[in-house]
Amino acid sequence: MTASQTTQKLEQSEHSSAELSPSNSCIVTPTEERTDQLQARNAQQETQQEREGEDSKVTLHRHASFFVRTVSRPGHTRRPLRKLTGDDTTVIPRVRPEQQKRITVSETRRMPNVTLLPSVTSMSFPLPAWLEAVIICAVLMIVLVAHGLNMFGYPHYEQDEGTYVSAAWAITHGWLSPYPYGYGHPPMAWVQLAGWLQLPGGFFTFGTAIKSARVLMLLIAVASSLLVYLLARRVSASCLIGVLALVIFSFSPLSITFQREVLLDNFATFWFLLALYLLLSSNSRLLWVVTAALCFGMAVLCKEVLLVLLPAILYGVWLHTTPFQRSFGLIAFSYTAIALISGFVLLSILKGELLPASWHLPWDHHAHLSLLDTYLGQVQRGQDQGSIAQAWTAWINGDPLLMVLSIAPLVFNVLIGWWKRIHLLLALLSISFWVLLLRGGVIFPFYILPLVPLTALNAALAFHTVTKWLGRVVRMDLVRVLLGCCVLAALVPYEFQHELTPFNLFTLHPISVQTQTLIWIRTHVPRSAVVVINPNLYTDLHEQGGEGVGQGALYPYAHVYWNVALDPAVRDTLLRDNWDRIDYVIADGEMLGDIHGYKERMKIIDQALQHSVLVKEFIGDDYEYMAIYQVRHIHPPPTV
């Protein structure tokens, strides 16, 4: 064999070895070919069995929300399902992973039919979120200026303001009230006020105690305005309608006047609006429903009269929960709200002051105040202190447009409410509060405060519906926006004009006489003197740093005139029912009116006035004045 032949054989051997190498995928052995054929045949059989199983499935039960079907089990003999008395339905057939995945994808596509009110629709002319936020922040800043400008000068101090501020002062000293707590109102509002007055540095950071409390009222007014906007924006899906409701609520002369004052109604209105917003935004989420119930309970604990809104708010819960959660949502809301509100009743039970002492129960042998007795007395009060007719006159003089809006849109929403339930809900809330105002009894002008935001919401929603109909008629949705802008352009000058006339809310200073009186007391009245005062002066004479005390000693014997006349601890123990033990009587017009109007009950103070001389008088804007009387003693002043 030659060398060339040997080389040729070696190349052929290497080439055949490469073909037989395991790394070469082109080589197919007979065993692998048979394996592939078997796998293909088995896959074809399984596919055919699955198709037969799909065709053999039977729907056992069909519902709007789900249906039940049989499951095919390849390789098993199918036996007909029997009733519950048979043995064949006691074992649940196993589901293969492929079938479980298929069921997960297909069978769960049918969800329960959920219908929530109100349905959130998109705006016809959507605004970017940042632009809407800028607009609302700008409007809220205007609200802040309008409510804050001259709030330390106007309106004059209501006696209720002094009462609630002195109650907040008592909270900081561990009491519910500076005098025996008579359950006239739940204490939650002045508990919040006491907490606020400790935050900025004390009761007198902004001047007198009532001025510092009015700063909190300013913050609550702005927060309530934001909630009104969010509510109107929620029910109408329109930024313009939200701004319209905000303007009606915030710039009304009645709002600017009463929302500056330290009133329980302002606290209650804020918590109620927060509860309503959480409810309308809940989308049937139970956590939001329960939180709304807590806020509503807080509103009632601030001002108990808001309990009249409970039936209407329960209707709102029924609207904004899905059918399969409705019963549980109603129970959860009712239980949470009532459990929180009942804490007020529990307080009286724990103190043994729920039932009147006049009932002479076997276990009740001491004289005490009573929750039940207090509210029975309030229900039986006449209208000599304030009637609905007098309040209506004040409302019409203050803002006639608001009073028109409190009636006309209300009627419209009641009628349209048969088709649009959100209209009916807002109308029922307003009607519930109107029933409270029209029931009779004592009605003060500021009682309208919780009705003002409801009026704004009803008016804005009615305007939105009417303009929406008009836009469909003319086939131009831009008409709604133009009409809304025109209404806003006319509304703002109207509100500003009524804020300047007949009373200028931004320039009058009737409060100045209170400050002048406190400074005079600090300078001329001895600290041991017995002084009869109105509630507005109480905190500044009993707390270090007050306008009437300065850095000197307090006035421990300065007492509110109602308690001097009616509280046995003051009248019988301190004064021994003797007018000659009173040194000074410091009165405003309202106090003098009560003394002369209730002469029999105010006998001790009336006698002191008859033996007194006017030593100083301060006169301020809006016919406000303070008179200081010094009693001329028949006998030398006794040692207190």
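Any read-out appearing in this document is the output of simple, stated calculations on the displayed coordinates, not a laboratory observation. None of the values given here were measured: they were computed from a predicted structure. Methodologically, a virtual Cβ is constructed for each residue, glycine included, from the backbone with ideal geometry; neighbour enumeration extends over all protein chains shown.
Quick look at the numbers
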| item | result |
| --- | --- |
| Per-residue ³J(HN,Hα) for segment 390-403, Karplus 6.51 cos²θ - 1.76 cosθ + 1.60, θ = phi - 60°, Hz, x for Gly and Pro | 5, 5, 4, 4, 5, 5, 5, 5, x, 7, x, 5, 4, 5 |
| Relative packing of peptides 416-428, 516-528 - highest average C-beta neighbours within 10 Å first | 416-428, 516-528 |
| Distant-in-sequence amide H partners of Y625 (H built 1.01 Å from N, under 5 Å) | G589, G620 |
| Inter-label distance, nm, simple model (7 Å from Cα along the C-beta direction), A389/D622 | 2.5 nm |
| D572-I331 pseudo-label distance in nm [points 7 Å out on the Cα-to-Cβ vector] | 5.1 nm |
| Length gained when the stretch H524-R601 is fully extended (0.36 nm per residue, less Cα-Cα span) | 24.8 nm |
| Separation of the S342 and V473 label points, Cα + 7 Å toward Cβ, nm | 5.3 nm |
| Net charge of Cβ neighbours under 11 Å - reference A268; Lys, Arg +1; Asp, Glu -1 | -1 |
| Other-chain or far-sequence residues with amide H under 5 Å of A558's (modelled H) | V531 |
| Value in Å of the Kirkwood radius, where segment 490-604 supplies the Cα pairs that are averaged | 16.1 Å |
